[in-house]
């Protein structure tokens, strides 16, 4: 083979490898995992595909009824599960450090369809970031404790958390901390809007509506 032919073949091989490298940088090849932030009035939760979670590695995470998706929220232990609005629970939750719970819900339709009347922002995180997020969520559960109350909707239940709820650590702060563990640059915010305003530019926002059928703290 002539020198010219070898040079041409080498250049073609380099171009092919460069093309493969470009393809490998896409979302699927980087191992990116979808994480959905769901709003329910002044509350936010995190929804994930159950198939992305190794429940054997994270036994603290309940797999609700073998659902395709799970949503995890966090809030005050008295106020969060209470039906309706309890002014005393709300006041106490904000002005004293109080016990907290995690709300774990299983569902089968995609989050934007399941929570069609809420705003949903889908984010993409690395596999390593997703594992850090799971570690963060798992560490919030009270070790060895089972469900203590039925959930607010779907196949959900409340589980005791080892963390304290107070004015400067609300559900939105809890979600923001988890997202930072996953590699999302977001500041803690006491309010839903303060958090979602930062996340909208980072993902595709779901359907927004003035209706908020799921009232959560």
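Things worth noting here:
- Computed from label points 7 Å out along Cα-Cβ, the spacing between residue 66 and residue 168 is 4.7 nm.
- Taking the number of Cβ atoms within 10 Å of each Cβ as an exposure proxy, the fewest-first ranking of 126, 118, 51, 140 is 51, 126, 140, 118.
- Cα gyration tensor category, rounded, prolate or oblate, for the range 90-184 with a/c compared to 1.5: rounded
- Across the range 32-205, C-alpha contacts under 8 Å between residues 6 or more apart give a mean separation that, scaled by the residue count, equals a relative contact order of 28 percent.
- Each of 52, 78 has some number of other Cβ atoms within 10 Å of its Cβ, and from fewest to most they run 52, 78.
- For the pair residue 200 and residue 148, label points projected 7 Å from Cα toward Cβ lie 3.6 nm apart.
- Each Cα pair under 8 Å and six or more residues apart adds its sequence gap; the mean of these over the residue count of the range 135-209 is a relative contact order of 20 percent.
- Compared with the direct C-alpha span, the chain from residue 128 to residue 42 gains 28.0 nm at full extension, assuming 0.36 nm per residue.
- The equivalent ellipsoid of the range 32-205 has semi-axes of 22, 19, 16 Å, largest first, where each one is the square root of 5 times an eigenvalue of the Cα gyration tensor.
Taken together, the values in this text are just the output of simple stated rules run on the coordinates, not laboratory data. Bear in mind the structure is a predicted one, so any value in this text is a computation, not a measurement. In this analysis, Cβ positions are derived from the backbone assuming ideal geometry, glycine residues included, and neighbour counts consider all displayed protein chains.
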